[in-house]
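Data first, discussion second: the structure below is written as structure tokens.
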Amino acid sequence: MIKLSLIFIFFTLVFNTSSSSQVVINRSDYPIEASYDTWSDLEFKTDIIPPSSGSNQNWDLTNLDATHAMIEDYINASGDNFYKDAFHFIFKEYSLNRFLYESNDFYSIDDQGYYKIGRRITENVIPLEFHTGGADDILKILKGDYPIEGRSDIIKFPLEYEKTWTENYKMVVDYELSIAAYEVIESPGEIITYVNETRTVVGSGKLTILDKPNKEDILLTIDALLIKSEIIKSDSIFLGNQPAPTQLLSALGLTQGVTNTEVYYDYYASGYGQSVASYNMKEGYVSFKYLSHGLTSVVSDSKDKFNIFPNPVKIGSNVSLDNSENLVSRITISDQSGKRLFSKDVLNSFKTINIKLPSTISTGVYILLASDTKGNVVSVNKIVVQ
């Protein structure tokens, strides 16, 4: 009788342990908002190691030594005239080797998953004199709406351990090229990026991270799933409906058909409409989001207390900051990746704070954070440097 009881208890414990470790995220468990901001802390690692995989994992990200901050601003896209099914969009930066261009990337959500549907490219004129020697040589990225040709699901419902999916699609952007030495004047072309994405839920278990529900650090442990994303991209560059000449591409430091692989690990949890922590293996950093204290509340609480002028501002010139309620004691400026470029302590007794931007901050969009004497962020603003 005792032997049977022990066997019964053993199987009961095994069954309960397996059941309690099963994490499933359905569409109803993913309360994503159309418009919101997120704040993430990042730690860059010299030799980044992937998180552990398997079921019944215990992940702990509370010992990160954060040196960077990353801000993401998702904007409601309902009513968009082109992407009529879009849910929201977010600013992204793309590169063709060293040539950068910007986009608003549009996303949607349905019962199948959360997925990217297209890009809205911003026109960008890139001088080529450094590469070609021609003072008037340029690469012009053309503005426009470029839908994703295929489907790119970031997550698929129901999301559960060992689920996997692979998708192929392509991204297109048009350009004009002018290089006098090659007698190429405003010649049209297109860049086609072929993308292969494989995502697998490689882990299930408990994730412990820091949170700031009242601007004070607490430990938060949640049931989570870990998704590994392997993204392979290959660029094909066309000029006048033909593959661009090798000699011309070489002059720009480009190579036809170059393939790049990116690997990410993202944690998702029921009740959160976003990933809660990530590993970026290519860039070499680990990040986690403050879940209870989003940027939306920070900005809305302080937007009338902290104004920047002028904005846009010229390179190396002065910018003035309204500190009418004497909240600000430190100013930090970061780029879009979260890298801190400038930091300065200020006297919070001044109603207006004047700061000269260092010449090392070139043209672009930057994030300006204002902190109080306790280190709490009281305002987040974007500034444009021209």
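Before we move on, is Tyr30 buried (at least 17 other Cβ atoms within 10 Å of the Cβ) and in contact with a His (Cβ under 6 Å, 6 or more places away or on another chain)? Answer is no for this residue.
Scanning the stretch 133-144 for residues being within 12 Å of Glu102 (Cβ to Cβ) and either modelled with pLDDT under 90 or surrounded by 17 or more Cβ atoms within 10 Å (Cβ to Cβ) (or both) gives a total of 1.
Of all residues in the stretch 121-133, none satisfies being in contact with a Ser or Thr (Cβ under 6 Å, 6 or more places away or on another chain) and charged (D, E, K, R). Can you confirm whether the stretch 170-178 contains a residue that is in contact (Cβ under 8 Å) with a residue 60 or more places away in the chain and either in contact with an Asp or Glu (Cβ under 8 Å, 6 or more places away or on another chain) or in a strand (DSSP E or B) (or both)? Among the residues of the stretch 170-178, at least one is in contact (Cβ under 8 Å) with a residue 60 or more places away in the chain and either in contact with an Asp or Glu (Cβ under 8 Å, 6 or more places away or on another chain) or in a strand (DSSP E or B) (or both), which makes the answer yes. Pairs linking a residue in the stretch 25-42 that is under 18 Å from Ser379 (Cα atoms) to a residue that is assigned to a loop (DSSP other than H, G, I, E, B), with Cβ atoms under 7 Å and 6 or more positions apart or on different chains, are Tyr36/Gly294; Asp37/Gly294; Thr38/Gln274; Thr38/Gly294; Trp39/Tyr290; Trp39/Gly294; Asp41/Leu64; Asp41/Ala66.
The rows are residues; the columns are (1) closer than 30 Å to Leu252 by Cα; (2) surrounded by 17 or more Cβ atoms within 10 Å (Cβ to Cβ); (3) at pLDDT below 85.
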| residue | (1), (2), (3) |
| --- | --- |
| Leu13 | no, no, yes |
| Thr17 | no, no, yes |
| Val23 | no, yes, no |
| Ala34 | no, no, no |
| Asn56 | no, no, no |
| Thr62 | no, no, no |
| Phe82 | no, no, no |
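Of all residues in the stretch 31-60, those being touching a strand residue (DSSP E or B) at 6+ places or on another chain (Cβ under 8 Å) and within 15 Å of Leu226 (Cα to Cα) number 11. Just so you know, in the stretch 275-294 the residues that are assigned to a strand (DSSP E or B) and small (Gly, Ala, Ser) include one that is modelled with the lowest pLDDT, and it is Ser287.
Of all residues in the stretch 117-132, none satisfies being among the aromatic types (Phe, Trp, Tyr) and buried (at least 17 other Cβ atoms within 10 Å of the Cβ). Tell me which residues, restricted to the stretch 363-377, are at pLDDT below 70 and β-branched (Val, Ile, Thr). Listed by number, the residues that qualify are Thr373, Val377. Just one of the listed residues (Tyr265, Tyr272) is among the hydroxyl-bearing types (Ser, Thr, Tyr), within 21 Å of the chain's Cα centre (by Cα) and not in a strand (DSSP E or B), and it is Tyr272. Before we move on, is Ile179 surrounded by 15 or more Cβ atoms within 10 Å (Cβ to Cβ), among the β-branched types (Val, Ile, Thr) and touching a Phe, Trp or Tyr at 6+ places or on another chain (Cβ under 8 Å)? The answer is no for Ile179. Has the stretch 180-188 got at least one residue that is assigned to a strand (DSSP E or B), under 21 Å from the mean Cα position of the chain (by Cα) and either over 30 Å from Ala66 (Cα atoms) or of a type in the set (D, E, K, R) (or both)? Within the stretch 180-188 (the criterion being assigned to a strand (DSSP E or B), under 21 Å from the mean Cα position of the chain (by Cα) and either over 30 Å from Ala66 (Cα atoms) or of a type in the set (D, E, K, R) (or both)), the answer is no, since none of the residues qualifies.
For Leu159, the requirement of being under 30 Å from Ser52 (Cα atoms), modelled with pLDDT of 95 or more and surrounded by 20 or more Cβ atoms within 10 Å (Cβ to Cβ) is met. Filtering Asp47, Asp41 for residues that are in the same structural domain as Leu219 (by TED's automatic domain parsing), under 15 Å from the mean Cα position of the chain (by Cα) and modelled with pLDDT of 80 or more leaves a single hit, Asp41.
The values are calculated or read from the model by the stated rules, or taken from the named source; none is laboratory data. Model, not experiment: these values are computed from the prediction. Every residue, glycine as well, gets a Cβ built from its backbone with ideal geometry; the counts of neighbours run over all protein chains shown.
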